[in-house]
Amino acid sequence: MCGRFTQQRPTSEIASIFEADDLADDPGGRFNVAPTDEAAVVVQREDRRAVVLYRWGLVPSWATDPRAGSKAFNARAETLATSPLFRDPFRRRRCLVPVDGFYEWRRDGKSRQPLWIHDPSGLPLALAGLWTGRQDPETGDWRRTFTIITTRPNEFMNGIHDRMPVVIPPDAWARWLDPAPADPGELRALLEPREDVALDARAVSALVNNVRNDGPALVEAALVEETLVEAELDAAGPPEAPGAPALF
């Protein structure tokens, strides 16, 4: 799964990397993005690509309760084409979620060790996502939301968790973002776990277990022994996620 990530760069820098317009104008500096938070995503309409802020946790247009998004922060790659919740966004509304890293918890005995997974070169990871929009029936306002797609683990992630977010390589960004009809087989091929993705895992403090904590200290390297003691004090481990519009 993918239930927490970092977006440390300002959206102006993200826009430069992804050759997009910065419509978010966000300073970044976020080290503990959690479901129901707003986050920067890259979307495209025809020939215009943009960085925008959408809420994490997909809420379909037909949902009667917007709180449904708190449970739809991940989408399984294996069932996208058949899921009533995800099949339409999979066909027409794909996005990239640029992250500097994501957190995963590896079980060590009775405790869970938080790890920050990132590209050792310092470049952002482009996670595969889907987005949609829902109009509030009372206010008429549109709320755009997104989810992150997960797949089976590659060799690196296999010893950490049984799922991992799909990472889209730079040479496939345009294909993934293209809103035009696409060959489902070609899209599914992009969702397979990749062994050529450069990843590194850093043991970090159990401070990340609390969604209220933020700041650079969350991604600083910590001694495993120290973090295990902290994790035991926080017995619950990582908390549960809190409970057709124009594109831009």
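What the table below lists for this structure:
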quantity: Enclosed volume per residue, in Å³, of the convex hull spanned by Cα atoms of the chain; calculated: 125 Å³
quantity: Listed residues Trp142, Leu127, Leu207: farthest to the positive end of the dipole of the chain (Cβ charges); calculated: Trp142
quantity: Low-density loop cleavage sites - trypsin sites (Lys or Arg not before Pro) in region 62-152, where at most 14 other Cβ are within 10 Å (DSSP); calculated: Lys110
quantity: Average Cα contact separation per residue, region 5-233, under 8 Å, 6 or more apart, as relative contact order %; calculated: 21 percent
quantity: Theoretical gain in end-to-end length, Asp65 to Arg45 [0.36 nm per residue, Cα-Cα removed]; calculated: 4.4 nm
quantity: Between region 85-100 and region 156-215, the Cα center-to-center distance that results, in Å; calculated: 12 Å
quantity: Listed residue (Thr82, Leu191, Gly3) projecting farthest to the positive dipole end of the chain, Cβ model; calculated: Thr82
quantity: Long-range HN-HN contacts of Cys95 with modeled amide H, under 5 Å; calculated: Gly129, Leu130, Trp131
quantity: Using a Förster distance of 22 Å, the FRET efficiency for Thr79-Asp196 (Cβ separation, nearest 0.05); calculated: 0.30
quantity: J(HN,Hα) series, region 88-94, from Karplus relation 6.51 cos²θ - 1.76 cosθ + 1.60, nearest Hz, glycine and proline x; calculated: 6, x, 4, 6, 10, 9, 9
quantity: Student exercise, region 5-233 dipole from Lys, Arg, Asp, Glu Cβ charges, in Debye to nearest 20; calculated: 840 debye
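Quick note: the coordinates plus some simple rules give every number you see, no bench work behind them. Just so you know, these numbers come straight off a predicted model, no measurement behind them. Positions of Cβ are generated from backbone atoms using ideal geometry, with glycine treated the same way; all protein chains shown enter the neighbour counts.
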